[in-house]
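Only one structure is covered here, and it is reproduced in the block below.
The values are calculated or read from the model by the stated rules, or taken from the named source; none is laboratory data. Here the structure is a predicted model, which means the values were calculated and not measured. Cβ placement follows ideal geometry from the backbone for every residue including glycine, while neighbour counts extend to all protein chains displayed.
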Amino acid sequence: MESIITIRNLSKTYSTGLLALNNINLDIHKGEIFALLGPNGAGKTTLISIICGIVTPGEGDVTVDKHDIVLNFRAARSMIGLVPQELSIATFESVLTTMNFSRGLFGKPSNPVYIESVLRDLSLWDKRDERIVNLSGGMKRRVLIAKALAHEPKILFLDEPTAGIDVEQRRGMWNMVRRLRDSGVTIILTTHYIEEAEEMADRIGVINDGQISVIEEKTVLMNKLGKKQLALTLQHPLKSLPDELAGYPLELSQDGEVLVFTFDVQKEHTGISELLRKLSQFGIDFKDLHSSQSSLEDIFVSLVRDKS
Amino acid sequence: MNIYAIRAIYVFEMSRTWRTLMESIASPILTTSLYFIVFGAAIGSRMGDIDGISYGSFIIPGLLMLSLLGESISNASFGIYFPKFSGTIYEVLSAPVSPVEVVIGYVGAAASKSLIIGGLILITARFFVDYQIMHPVMMVSFLLLTAISFSLFGFIIGLWADDFQKLQIIPMMVITPLTFLGGAFYSISMLPPFWQKVTLFNPVVYLISGFRWSFYGVADVNVGISLAMIMVFMLLCLTGIWWIFKTGYRLKN
Ligand SMILES: Nc1ncnc2c1ncn2[C@@H]1O[C@H](COP(=O)(O)OP(=O)(O)O)[C@@H](O)[C@H]1O
Ligand SMILES: [Mg+2]
């Protein structure tokens, strides 16, 4: 996989003394959707802000398409579009004016045809002459996206793109992001919604307390860390587990009717057949069974909990 | 050089000027007109000539400088303070622009705006008093240099300020007294000898004196020194801005 952003040993301490990033190593692959998943205060915005040039890096190196973000900032930044977390936008300008400003700022000659296509794609064309102050929150966010795309970037950062927007708009946003990826743009989005990472990402990085604990293909991550549970509904309720089964990862429900066995999908020997043999040995019959796999959410929660 | 970026910033800033035309342009012109009516036409007619120049004409260069300084500082400081305040500065910081280009865009727009206002004041003055311009090239140079260096100064204030109060405190507490005591309304030679010496520590004295020389050929201090002083001030401001961008002071965390 060709890497388009390379982050090596990146650390950042704010002037307050807070260590916001702690030795980050990360490669973003060309053309992927990468989700940076982490709770509030994990360091997601800090990481993005350093790559984009808004926060000064501490130690370490970052390159964008082999251009060092400090030494060769022009080449690096020209490739990047950023949609910030906050709705920071000059509100008295019209949509079109602010688009042209963004494009010019990134060193591109005006291109009305391209600007029109971006605005149409984001359903903003009808609003092109409207002052931004008159637009709804969802539209403002789309204007921010349009601004970020105004200079035809190869990489797009979306910092919590769906925070505070409703479900329907969220779907629309996701579709737009996929269309962008299909057009060859590499996308890095941050989110603290697991659903979003699960839905959108090709790969997921989990960040917590300024450290990246996992970077994986989404599917691999889910398989690798996913625990499966086997729930057995018993013929006759049990008062307690027989002592002989004490060593097993078994849990008995409150009413004694359901026995839950947790196992690792990764392991070659899940221990299921052994368990079933043991159960019949003790005369414990069951009338139903079903298995379930934990979602990314469970994985995430357990990861974050393990850390702290 | 990212010319497109400079142009984008410049155009954006100027469009703010046109949008707020009344506050931006009308109010300084109105204020100066009032000065002319009160000091030029009303009180001036009771005052004797200074250095052979009628009082109304004598105060024109000083008044012009007064507006030019104030406007340059407030335009430039507000121009950069506001994006910082509203958060839109992220876009400039993330763009492939160098500090030099950012400064040219913002300071260029602020200086242009105050030059426009200066020009309009000069035209307005025609309606109240008579004046001549003996050294037009020098006059324009003084205008340009002053507009640019005080816009640079305003830019520094805008970068430094982290609330609206700080934005206004330097223009109010420092610049206004210095300009009023800088010989806009009197010739330094009218002061007692001791205060004549003290007043030479006021940089605005050199500005107004040199500027008045370009109008009427009379000056309180040598014109060369006036020019040198303004150049030094400009250099100081440029150094300050260079340092701010180098360290990221108040711009980046
Ligand atoms: N400008 C700043 N100065 C000091 N601390 C900051 C600053 N910005 C963020 N932080 C702190 O750094 C940590 C990471 O913040 P941030 O990157 O915004 O997290 P996230 O985007 O994942 O919510 C937090 O503890 C936050 O309080
Ligand atoms: Mg954040």
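Selection of region B:156-173 for residues being assigned to a loop (DSSP other than H, G, I, E, B) and β-branched (Val, Ile, Thr) yields an empty set. Report yes if residue B:219 is over 24 Å from residue B:171 (Cα atoms), among the aliphatic types (A, V, I, L, M) and either in contact with a Cys (Cβ under 9 Å, 6 or more places away or on another chain) or free of Cβ contacts under 8 Å to residues at least 24 places away in the same chain (or both), otherwise no. Yes. Looking across region A:90-103, the residues that are at pLDDT below 90 and within 7 Å of chain B (Cβ to nearest Cβ) come down to A:90, A:92.
Filter region A:151-168 for residues that are of a type in the set (Asp, Glu), at negative phi and within 13 Å of ligand 2 (Cβ to nearest atom) and give the result.
A:159, the sole residue that qualifies.
Condition check ((1) closer than 27 Å to residue B:141 by Cα; (2) among the aromatic types (Phe, Trp, Tyr); (3) at pLDDT below 85; (4) in a helix (DSSP H, G or I)) across all residues:
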{"site": "B:7", "(1), (2), (3), (4)": "yes, no, no, yes"}
{"site": "B:12", "(1), (2), (3), (4)": "yes, yes, no, yes"}
{"site": "B:25", "(1), (2), (3), (4)": "yes, no, yes, yes"}
{"site": "B:32", "(1), (2), (3), (4)": "yes, no, yes, yes"}
{"site": "B:59", "(1), (2), (3), (4)": "yes, no, no, yes"}
{"site": "B:64", "(1), (2), (3), (4)": "yes, no, no, yes"}
{"site": "B:101", "(1), (2), (3), (4)": "yes, no, no, yes"}
{"site": "B:104", "(1), (2), (3), (4)": "yes, no, no, yes"}
{"site": "B:111", "(1), (2), (3), (4)": "yes, no, no, yes"}
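Considering only residues that are out of contact with any helix residue (DSSP H, G or I) (no Cβ under 8 Å at 6 or more places or on another chain) and modelled with pLDDT of 90 or more, look in region B:219-253 and name the one that is nearest to ligand 1 (Cβ to nearest atom). Within region B:219-253, the match that is nearest to ligand 1 (Cβ to nearest atom) is B:243.
Here are A:65, A:61: which of them is surrounded by fewer than 20 Cβ atoms within 10 Å (Cβ to Cβ), in the same structural domain as residue A:189 (by TED's automatic domain parsing) and on the phi > 0 side of the Ramachandran plot? Show your work before the answer.
Working: A:61 fails: on the phi > 0 side of the Ramachandran plot.
Every option except A:65 fails the conditions.
Per the conditions (1) touching a Leu at 6+ places or on another chain (Cβ under 7 Å); (2) away from ligand 2 (no atom under 16 Å from the Cβ), the sole criterion not satisfied by residue A:172 is (1). If only one of A:82, A:87, A:47, A:144 is within 16 Å of ligand 2 (Cβ to nearest atom), more than 11 Å from chain B (Cβ to nearest Cβ) and either at pLDDT 95 or above or closer than 21 Å to residue B:84 by Cα (or both), which one is it? Only one candidate qualifies: A:47.
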